[in-house]
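Structure first, commentary second.
Each value in this text was obtained by applying a stated rule to the coordinates, not by laboratory testing. Everything quoted here is computed from the prediction, not taken from an experiment. Note: ideal-geometry Cβ built from the backbone for every residue, glycine included; neighbour counts use all protein chains shown.
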Amino acid sequence: MLFTYKYVPHSMEKMHEFIGFIFHDVWCKAPGNEYGIHLFEACEPLHQIMDELYRQDLADVLKDGAGKRFYQSVNEIYNEFKKLNEDDIVQYRSHFLVNNSIEELCSSIAEHSPARYCDLNPTLKTLNDRLEEFFKSLYASGFFSLKPVKNAIGSDLNTYYADFVRENSSGCCPFCGLQPIDNEFDPTREAFDHYLPKSKYPFNTVNLKNLVPSCHKCNSGNKGNKDPIHDENNNRRKSFYPFTQMAPDIQLSVVIQDRNWSPLTPEKLSISFYSVLHQEEINTWNDLFRIESRYLAKCCDSGGGQYWLNRIFSERHNYKLSVQDMLDAEMQNASNEPWVDSNFLKKIFLEGCQQAGLFDVIARNGVVS
């Protein structure tokens, strides 16, 4: 990715804290015990939620919806955990801990071996099916939007998003740099991408370190449910951790391969990505978000590369500048604000055009059309 996010501690972390308590202190202690609301007493905010759902269930007024599904699922999974032996419990605890070590998984640290749904113990199919149903639907089920749950947490995802983008105010998607990101004043918000896809990985569905705002094109149009830490051949790979404190050292360059460039098409350009420290992460990033194809398309677009070039030749007359002086000014402005209007890509595109001598060609023949 082009730049990383700053992690923002927030009351919405209680979502994952609640799930962690249910997993470790309720489900994993199920063998030899009976299910009851008393099991939640050590986590008072969660106990209040479960007690309210329990009372509604006793009164037969617990309506179909997120609350009922959550309450029933917790009980059903508890009953499946009761059947496990100590070794099984240890294994599922390990899966939970590792799958929530998002940074270590992105770094492909050998001792951190993630568990996808397909990696869970196949002899425990009923349990695995219930866990899959629970965790796949947990984020979007509406449970954390229920009034008693929001009161217990003290916030909601919309508030968290506004607080998040206030701290991370670049204004564009860090995964592509091409699309704007809704800010705190927008009536809408970007979706939170499950960086490790919820369709593949259990236990981290509501972990904020696995929930990353991204533009619609990156989230739905390109990444989808691609796996950042396994390639298509099921091999482990490194991936950028979205909240790392070390900024990616990505070097981009554009090369013009055909000076007969009108019209400008992707076949006449090439883009290279280089990093001393993060080349494998760059390769993963390119695969997940189809970066190379999207950057080439932008360079050939009438609102991208063609506009950037035409601006050099049209605006220089207004400012009474030479082509070189106007080019220098445009590249300096792009350097000053790299994340505005895809300026980071504009700069390397113009540098590539300059190195190919295309400004001399256009100066003789007129602006690009």
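What to note about this one:
- Extension reserve of the residue 170-residue 156 stretch, reckoned as 0.36 nm per residue once the Cα distance is removed: 2.8 nm
- Table column - 3J(HN,Hα) (Hz), region 297-313, Karplus curve with 6.51, -1.76, 1.60, x for Gly and Pro: 4, 5, 5, 9, 7, 5, x, x, x, 5, 5, 4, 6, 4, 4, 4, 7
- Segment residue 11-residue 119, extension gain: residue separation times 0.36 nm, minus the distance between their alpha carbons: 35.7 nm
- Folded to 0 to 90 degrees: helix 157-167 orientation relative to the chain principal axis, Cα: 40 degrees
- Order of 216, 47, 194 under a 10 Å beta carbon neighbour criterion, fewest first: 216, 47, 194
- When the Gaussian network model of the chain links Cα atoms closer than 10 Å, the mean-square fluctuations of 150, 320, 198 top out at 320.
- Calculated FRET efficiency for the pair residue 94/residue 60, C-beta based, R₀ 45 Å, to 0.05: 0.70
- Length gained when the stretch residue 145-residue 72 is fully extended (0.36 nm per residue, less Cα-Cα span): 24.5 nm
- Considering only 151, 90, 162, the residue lying farthest towards the positive end of the dipole of region 11-194 is 151, judged by Cα position with unit charges set on Cβ.
- A crude spin-label estimate for the pair residue 186 and residue 267, with each label 7 Å from Cα along the Cβ direction, gives 3.6 nm.
- Region 1-80 and region 146-217 have Cα centres lying 22 Å from one another.
- Taking the chain as a Gaussian network of alpha-carbon nodes connected by springs under 10 Å, the highest mean-square fluctuation of the residues 222, 333, 204 belongs to 333.
- For region 11-194, relative contact order (Cα pairs under 8 Å, six or more residues apart, normalised by length) works out to 22 percent.
- In a simple Cβ point-charge model (Lys, Arg +1; Asp, Glu -1; nothing else charged), the chain has a dipole of about 820 debye relative to its Cα centre.
- Net charge of neighbours whose Cβ lies under 13 Å from the Cβ of residue 247, counting Lys and Arg as +1 and Asp and Glu as -1: -1
- Axis angle, to the nearest 10 degrees, between helix 279-289 and the longest C-alpha principal axis of the chain: 80 degrees.
- Spin-label pair residue 317/residue 129, simplified geometry with 7 Å Cα→Cβ offset, distance in nm: 7.3 nm
- Most mobile of 55, 130, 93 in a GNM of the chain (Cα contacts under 10 Å): 55
- Taking Cα atoms only, the orientation of helix 86-99 departs from the longest principal axis of the chain by about 30 degrees.
- A straight Cα-to-Cα reach below 21 Å connects residue 82 with the lysines 29, 125, residues fewer than 8 places away in its own chain not being considered.
- Around residue 277: net Lys/Arg minus Asp/Glu count, Cβ-Cβ under 15 Å: -2
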